[in-house]
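To start, the structure itself, in structure tokens.
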Amino acid sequence: MARTALWTAAARARESRRPDRLFSDPFAAGLAGDEGVACLSYFHTPRAAADGNPVLPIRTRWFDDFLAAAHGTQMVGLGVGLDTRAHRLSWPAGAELYEVDQPHVLAYKEERLRRAGALPRCRVRPVAADLRDDWVAALLAAGFDPARPTVWFAEGVLFYLPEKPAARILTEAARLSAPASRIAFDLVGTGVFRLPYMRTLLDRLAAAGSPWRFGTDDPAAFTAGTGWRVDRIVEPGAPGAAYGRWPALPPAGPANLPRSYLVAASRPGPATAEPR
């Protein structure tokens, strides 16, 4: 199991214990385990708050809000990791969530959730595939229907890949998407790779086999080049992505800032009626 997946699960568990929590994930602690708790300290930057990096809970809540507003009945989580949205969010009747990730990640999550007695609130369709390989064939084999509008999400995924493979994933998702499909994903700016205080974290991620590889200072251009129409780009802390936790960074200024971007995009066209 990737230590980064355990780390983010532990961060969700920590957030869920706060009285002012932005979301509640009752399954995160069991998924994280003791190793995940240890990762909270290991993957800790010197400038992070005592209660952790505020971007992680903000990001999770923003993706929750995106999925709740989308009202989709065919969803795909790309590199879904130890995400438990199938079990903790409310979904429309007949909703199906395709969870794409490596076989050992999905097997670990399934076993831990079964042990916890967790029941999904929508139909979960595991898709055991590496995003660096032919995940499209695996998704289609699992029953995915390209003729239906789809809601895609890729949280904390793309910056672990080089730029071209990251763009290819979005391009393939666009190719599979009927009109009125939507997607949400997050990106980091190139400044995070130049900040001295980020060096320890980046080195530890690399040593754990999960280096950050890609950043962009023009998320709109990157997104447009993949076949999606940008609907909104917002930074954590900005209106609509603050939740009272973190002030927004200046809208312009030195490139050496820890910028991250939450992107919502869509495939234009009339919506296709969902099957009844």
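Condition first: of a type outside the set (Gly, Ala, Ser) and open to solvent by less than 10 Å² (accessible area, probe 1.4 Å). Now tell me which residues in segment 52-63 satisfy that. Please lay out each step first, then the result.
We begin by selecting, within segment 52-63, every residue of a type outside the set (Gly, Ala, Ser); these are 53-63.
ILE58, THR60, PHE63 - these are the residues of segment 52-63 that are of a type outside the set (Gly, Ala, Ser) and open to solvent by less than 10 Å² (accessible area, probe 1.4 Å).
Do you know which of the residues in segment 76-94 that are within 19 Å of ASP64 (Cβ to Cβ) and of a type in the set (A, V, I, L, M, F, W, C) is surrounded by the fewest Cβ atoms within 10 Å (Cβ to Cβ)?
Kept after step one, since they are within 19 Å of ASP64 (Cβ to Cβ), are these residues of segment 76-94: 76-92.
Cutting the leftovers down to of a type in the set (A, V, I, L, M, F, W, C) gives us 76, 78, 80, 82, 86, 89, 91.
Values: VAL76: 27, LEU78: 25, VAL80: 26, LEU82: 28, ALA86: 23, LEU89: 15, TRP91: 20.
Here the answer is LEU89.
Just for segment 95-120: of the residues that are free of Cβ contacts under 8 Å to residues at least 24 places away in the same chain and not hydrophobic (A, V, I, L, M, F, W, C), which one is surrounded by the fewest Cβ atoms within 10 Å (Cβ to Cβ)?
GLY117
Quick one: in segment 18-32, of everything that is within 18 Å of the chain's Cα centre (by Cα) and farther than 18 Å from ARG112 by Cβ, which residue is surrounded by the fewest Cβ atoms within 10 Å (Cβ to Cβ)?
Selected residue: PHE23.
Read through the list (1) open to solvent by 20 Å² or more (accessible area, probe 1.4 Å); (2) among the aliphatic types (A, V, I, L, M); (3) under 23 Å from ALA116 (Cβ atoms), then give the number of the only condition that ALA13 fails.
(1)
Of all the residues that make up segment 1-10, how many are assigned to a helix (DSSP H, G or I) and open to solvent by 40 Å² or more (accessible area, probe 1.4 Å)? Before you say what the answer is, go through the steps one by one.
Kept after step one, since they are assigned to a helix (DSSP H, G or I), are these residues of segment 1-10: 3-10.
Adding the requirement that they be open to solvent by 40 Å² or more (accessible area, probe 1.4 Å) leaves 3.
Of the residues in that region, 1 qualify.
Out of all the residues in segment 259-272, is one or more at pLDDT below 90, buried (at least 19 other Cβ atoms within 10 Å of the Cβ) and within 29 Å of GLU15 (Cβ to Cβ)?
Start the filter on segment 259-272 by keeping residues that are at pLDDT below 90, which leaves 259, 268-272.
Next, only the ones that are buried (at least 19 other Cβ atoms within 10 Å of the Cβ) stay: 259.
Restricting the remaining residues to those that are within 29 Å of GLU15 (Cβ to Cβ) gives 259.
Yes, segment 259-272 has at least one match.
Among ARG168, ARG125, which is the only one that is open to solvent by 30 Å² or more (accessible area, probe 1.4 Å), basic (Lys, Arg) and over 22 Å from SER266 (Cα atoms)?
On the way: ARG168 fails: over 22 Å from SER266 (Cα atoms).
Selected residue: ARG125, the only one of ARG168, ARG125 that is open to solvent by 30 Å² or more (accessible area, probe 1.4 Å), basic (Lys, Arg) and over 22 Å from SER266 (Cα atoms).
Residues of segment 203-215 being of a type in the set (A, V, I, L, M) and under 19 Å from the mean Cα position of the chain (by Cα), which ones? Show your work before the answer.
Of segment 203-215, the ones of a type in the set (A, V, I, L, M) are 205-208.
Scanning segment 203-215 gives a single hit, LEU205.
Quick check on ALA49: is it at pLDDT 95 or above, over 21 Å from PHE144 (Cα atoms) and not hydroxyl-bearing (Ser, Thr, Tyr)?
no
The values are calculated or read from the model by the stated rules, or taken from the named source; none is laboratory data. These numbers were taken from a predicted model, which means no experiment stands behind them. Note: ideal-geometry Cβ built from the backbone for every residue, glycine included; neighbour counts use all protein chains shown. Heavy atoms of the whole protein, side chains included, go into the accessibility calculation; ligands, DNA and RNA do not. Shrake-Rupley method; radii C 1.70, N 1.55, O 1.52, S 1.80 Å.
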